[in-house]
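Bear in mind that the values in this text are calculations on the coordinates, not laboratory data. Computed from a predicted model, the values in this text were never measured in an experiment. Cβ placement follows ideal geometry from the backbone for every residue including glycine, while neighbour counts extend to all protein chains displayed.
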Ligand SMILES: Cc1cc2nc3c(=O)[nH]c(=O)nc-3n(C[C@H](O)[C@H](O)[C@H](O)COP(=O)(O)OP(=O)(O)OC[C@H]3O[C@@H](n4cnc5c(N)ncnc54)[C@H](O)[C@@H]3O)c2cc1C
């Protein structure tokens, strides 16, 4: 009987398992730690709900909506407050709201008049992205220097904890390249999309941000409940042994297919008949998230937004801050502010490794200057991510080709996860589903049924 082994019980592995189970394909999921969810980790401390890793999901995302419905989680959803659509970016030591309308764009002090004029020239720039263009070169070519420094660079810091000068435009943000290829302009591409939606009579679907009442951990926990007997915790996989006739051995069990969802930087440690050392070249910079609880009166800024991003050119210590108590209800006691500060990333990974006593003073110094903080936190919660997010740098396409090569030459081996199909939770869910579908559609197997 054909069976699938999934290595890693993060959201990628759980997604693969969920989709295999839907088709009654037998599987075992091996997770090294004592819990599922991987980077998704919710803590309840000091009357606060604190996310050590991912803080929210974003829509519209029909695939995620379907999963939430299938898991009966609709009543657990917690949409973001209206304020969460405000985002602040620091310029000259002051947080400014990111403009959301053309009028706000014309009025914002985030960009100079010359930069705004340059930005409006974007539709007339005829050049196309050359191969191996970095994100910084793409942004500077199409949008100019200030939008790179005061929009793209801080967003890349917030999403990838990355550096636009090393990230690949095509690999990290493929839609930008598609927009340019199809419409010769990002502005024209956006106008075209809006026009198409109007023509089709579809109102523009607003971007939504949400989590669950009990935090992000709800999602992996609920999936795991449905998969219960097939998940093995405390079961790190160290060896993948080939057997005859394209079968594989893990922990003494035979499998026809193996899905590797563990982080790329750990895979070279596996004992495998194929070389995975090239995965070591994917950089995973360290990030530390420090969640601090204050009384609201300790801060002069109203914190009426999702958070604040700090462009690297502002020469501050922190990458940015989320305002969880403003984003979602019931994250902190009344009259309190919960701030999650991110430190480190690809530009300053060493900062993420500092002990708390050396980390807190420069963090508080930034919060004093940028948000008007006075006094000490009422509660502190530190979470370290020594290998936080895979960086989609210029060499990532070659790495993906090597993964394809292994899959072709070692039937039954599959790679899924954020090192392959994008870095967000939505990407991870799609990655797990894509590989599960591929296994289901594979012609060479006859599947048995799950023994529940
Ligand atoms: C600080 C931070 C904030 C983030 N914020 C957001 C956000 O707000 N929104 C968003 O969409 N995304 C966010 N992300 C990204 C998101 O967390 C990831 O996309 C997603 O959680 C990755 O899931 P995964 O299953 O691929 O990997 P992981 O979550 O890393 O799971 C891998 C699993 O493999 C297990 N494992 C490792 N080695 C072995 C072994 N040898 N054998 C068996 N098991 C093993 C690990 O224990 C782990 O459980 C954030 C990431 C970080 C680090």
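When only C-alpha pairs under 8 Å and at least 6 residues apart count, what is the relative contact order of the range 350-452, in percent?
That works out to 15 percent.
Count the DSSP beta bridges whose two residues both fall in the chain, then state the antiparallel fraction as a percent rounded to the nearest 5. Write out the running numbers ahead of the final one.
Details: 43 of 62 bridges.
The answer is about 70 percent antiparallel.
To the nearest 10 degrees, how steep is helix 218-227 against the longest Cα principal axis of the chain, on a 0 to 90 scale?
Helix 218-227 and the main axis of the chain meet at about 10 degrees.
According to the square roots a ≥ b ≥ c of the eigenvalues of the Cα gyration tensor, what is the shape class of the range 140-212, taking rounded for a/c under 1.5, prolate for a/b larger than b/c otherwise, and oblate for the remainder?
On the way: a/c = 2.26, a/b = 1.36, b/c = 1.66.
Note, shape of the range 140-212 comes out oblate.
Pull out the extension gain between residue 175 and residue 94, defined as 0.36 nm times the separation in residues minus the alpha carbon to alpha carbon distance; nm, one decimal.
Working: separation 81, 0.36 × 81 = 29.16 nm, distance 3.10 nm.
Value of the extension gain: 26.1 nm.
Please sort 387-397, 402-412, 220-230 by packing, taking for each peptide the average over its residues of neighbouring beta carbons within 10 angstrom, highest first. Please list the in-between numbers first.
Details: 387-397: 20.8, 402-412: 14.8, 220-230: 17.3.
Ranked from most to least packed, the peptides come out as 387-397, 220-230, 402-412.
When only C-alpha pairs under 8 Å and at least 6 residues apart count, what is the relative contact order of the range 236-351, in percent? Don't skip to the end; give the middle numbers.
Working: 171 pairs, mean separation 25.9, N = 116.
Averaging sequence separation for qualifying contacts and normalising by length gives 22 percent for the range 236-351.
Per DSSP H run of at least 4 residues, take -39500 (n - 2.57); add these up for the chain, divide by its residues and hand me the 222 nm value, nearest 500 deg cm²/dmol. Present the calculation step by step, with values, prior to reporting the outcome.
Values: 15 runs with 143 residues, N = 452.
Result for the chain: -9000 deg cm²/dmol, rounded to the nearest 500.
Which order do 308, 179, 440 fall in if you start with the one that has the fewest other Cβ atoms within 10 Å?
Details: 308 28, 179 20, 440 15.
So the residues, fewest neighbours to most, are 440, 179, 308.
Given a cut-off of 16 Å, what percent of all Cα-Cα pairs of the range 1-72 lie beyond it?
Working: 1568 of 2556 pairs.
Value for the range 1-72: 61 percent of Cα pairs lie more than 16 Å apart.
Which value, in nm² and rounded to one decimal, describes the direction-averaged projected area of the C-alpha convex hull of the range 245-362? Write out the running numbers ahead of the final one.
Values: hull surface 48.0 nm².
Convex hull of Cα atoms, orientation-averaged projection: 12.0 nm².
Could you give me D for the range 327-452, from Stokes-Einstein at 4 °C and 1.567 mPa s, where the hydrodynamic radius is the Kirkwood radius over C-alpha pairs? Units µm² s⁻¹, please. Could you put the intermediate results ahead of the total?
Numbers: Rh = 19.3 Å.
Once the numbers are plugged in, D ends up at 67 µm²/s.
Pairing the Cα long axis of helix 396-409 with the longest principal axis of the chain, what angle in degrees results, from 0 to 90 and rounded to the nearest 10?
Between the helix axis and the principal axis of the chain, the angle is about 10 degrees.
What ranking, highest mean first, results for peptides 317-328, 265-276, 4-15 when packing means the other Cβ atoms within 10 Å averaged over each residue? Spell out each step's value before the answer.
On the way: 317-328: 24.2, 265-276: 15.5, 4-15: 28.2.
Answer by packing, highest mean first, reads 4-15, 317-328, 265-276.
Mind pulling the angle between the C-alpha long axis of helix 425-441 and the longest principal axis of the chain? Nearest 10 degrees, somewhere in 0 to 90.
It works out to around 20 degrees.
Can you compute the FRET efficiency between residue 137 and residue 434 using 1/(1 + (r/R0)^6), with r the Cβ-Cβ distance and R0 = 35 Å? Round to the nearest 0.05.
On the way: r = 30 Å, r/R0 = 0.86.
It comes out at approximately 0.70.
Rounded, prolate or oblate: which fits the range 59-137, taking a ≥ b ≥ c as square roots of the Cα gyration tensor eigenvalues, rounded meaning a/c under 1.5, else prolate when a/b beats b/c? The partial results should precede the final answer.
On the way: a/c = 2.90, a/b = 1.57, b/c = 1.84.
Because a/c hits 1.5 or more and a/b fails to exceed b/c, the range 59-137 counts as oblate.
In what order do 296, 195 fall by count of nearby beta-carbon atoms within 10 Å, going from fewest to most?
Working: 296 13, 195 10.
Fewest-to-most Cβ neighbours within 10 Å comes out as 195, 296.
Just subtract the alpha-carbon distance of residue 401 and residue 442 from 0.36 nm times their residue separation and send over the number in nm, one decimal.
Details: separation 41, 0.36 × 41 = 14.76 nm, distance 2.04 nm.
Length difference between fully extended and current span is 12.7 nm.
Could you tell me the largest-minus-smallest coordinate of the C-alpha atoms of the chain on each of the three principal axes, in descending order and whole angstroms?
Cα extents, longest axis first: 68, 55, 46 Å.
Suppose each label sits 7 Å from its Cα in the direction of the beta carbon; what would the residue 245-residue 280 distance come out to in nanometres?
3.7 nm
I need two numbers for the range 391-439: Rg to one decimal and Dmax as a whole number, Cα atoms only, in Å.
11.1, 30
Under the definition of Cα pairs under 8 Å and six or more residues apart, what whole-number percent is the relative contact order of the chain?
Result for the chain is 27 percent.
Using only the alpha carbons of the range 202-284, determine the length spanned along each of the three principal axes and report them from longest to shortest in whole angstroms.
Cα spread of the range 202-284 along its principal axes, largest to smallest: 55, 35, 29 Å.
Classify the range 1-153 as rounded, prolate or oblate from the Cα gyration tensor: take a ≥ b ≥ c as the square roots of its eigenvalues, call it rounded if a/c is under 1.5, otherwise prolate when a/b beats b/c and oblate if not. The partial results should precede the final answer.
Numbers: a/c = 2.62, a/b = 1.81, b/c = 1.45.
Prolate is the answer for the range 1-153, as a/c is 1.5 or above and a/b outweighs b/c.
Work out, step by step, the length gained on full extension between residue 120 and residue 369: first 0.36 nm times the residue separation, then minus their alpha carbon distance; give nm to one decimal. Don't jump to the answer; show the numbers that get you there.
Numbers: separation 249, 0.36 × 249 = 89.64 nm, distance 3.27 nm.
Additional length available on full extension: 86.4 nm.
Using a basic spin-label model with each label point 7 Å from the Cα along Cα→Cβ, how many nm lie between residue 427 and residue 232?
Those two pseudo-labels are separated by 3.1 nm.
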